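Coordinate-derived values only; no laboratory data. Predicted model only: the values in this text are computed from it and were never measured. Ideal geometry is used to build each Cβ from the backbone, glycine not excepted, and the neighbour counts take in all protein chains shown.
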Amino acid sequence: MHLSFVSVKYLSKRNLNDWQMNKRNTQQRRRAILDLLNLQGEVSVEQLAHHFETSEVTIRKDLAALEDNGLLLRRYGGAVQVPHELIQEAAVEKVSERKQILAKAAAQLIRDHNRIILDSGSTTAALLPELSHKQGLVVMTNSLSIANALRELENEPTLLMTGGSWDPQSEAFQGQLAEQVLRAYDFDQLFIGADGIDLQRGTTTFNELTSLSRVMAEVAREVVVMVESDKIGRKIHNLELPWSSIKILVTDDKLPASAKKQIEQQGVKVICAPLGSVE
């Protein structure tokens, strides 16, 4: 019995060492893949498998993991560098003061250890500085720039990416793969912007790709729409989220009382952040 116990203990330690060595080898190989990609601009699965003397299945797993971290874009048979225009500092674009005020109000809804989705866009990106005060967050996004900014936060939230097909119009990942990834999880909150608010119908958008937004809303217990008051009443043809999917609207105090009342009659809580002297 004693010998058997020692043998199992020894094997477990050896297996642990093997696992640690394999993990280091994987990390080193992935760094080397990025170095090759930066040198050549693109790489193929076949080339990498030959170069690293490993299987194409292993290389595909490497490329998938690197894409999930926003470090490359997969293409048929290989991968290419992420275009420079997609990698922008911090949060997509310089955020307006008004959006910062909305973000501060919306951030008060987030508790430590919440699992949240941040949809792509400059309004939701304004939340990023506010997340640095939260602990133990899990954050899913379909935006490369938001993902890159999240990686810089000192509190190190757990970052999840949808992956999927790159849509240049929304500057985000879309498509069935992204929807499948989202459906594998459940979330406490979704934070999403809008191009317009139809007081009768819900949020509207110029983008015809609305399917992913609806899946995001399905997998979140609470949907929080962040939108400046001057977009409320703006009717755009494409309905993104109906009022029945939305729990909270965060806007500013320039919202007319009549519009606020109409939205509240849809069963939506309206939070109006004070703008003060901000135009």
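A Förster radius of 30 Å, combined with the Cβ-Cβ distance separating Glu46 from Arg234, puts the computed FRET efficiency at roughly 0.05. Between Ser244 and Arg214, the contour length at 0.36 nm per residue exceeds the Cα-Cα span by 9.7 nm.
A simple spin-label model places the labels of Asp35 and Leu177 2.7 nm from each other, with each point 7 Å out along Cα-to-Cβ.
Note that the stretch 248-256 has calculated 3J(HN,Hα) couplings of 9, 10, 9, 9, 10, 7, 7, 5, x Hz, one per residue in order, obtained from phi through the Karplus relation 6.51 cos²θ - 1.76 cosθ + 1.60 (θ = phi - 60°); glycine and proline are x. About its Cα centre, the dipole of the chain is roughly 860 debye, where the only charges are +1 on Lys and Arg Cβ and -1 on Asp and Glu Cβ. Note on the chain: Rg/Rh from C-alpha atoms, Kirkwood Rh, equals 1.08. Across the stretch 137-149, computed HN-Hα scalar couplings (Karplus, 6.51 cos²θ - 1.76 cosθ + 1.60, θ = phi - 60°) run 6, 10, 10, 9, 9, 10, 10, 5, 5, 5, 4, 4, 5 Hz from first to last residue, x flagging Gly and Pro.
I'd like the FRET efficiency for Arg111 and Gln265, computed as 1/(1 + (r/R0)^6) with the beta carbon distance as r and R0 of 22 Å, rounded to 0.05. Kindly include the intermediate steps, with their values, before the conclusion.
On the way: r = 28 Å, r/R0 = 1.28.
That pair, Arg111 with Gln265, gives E of 0.20.
Its DSSP H runs of at least 4 residues, each contributing -39,500 (n - 2.57), put the calculated 222 nm mean residue ellipticity of the chain at -12000 deg cm²/dmol, to the nearest 500.
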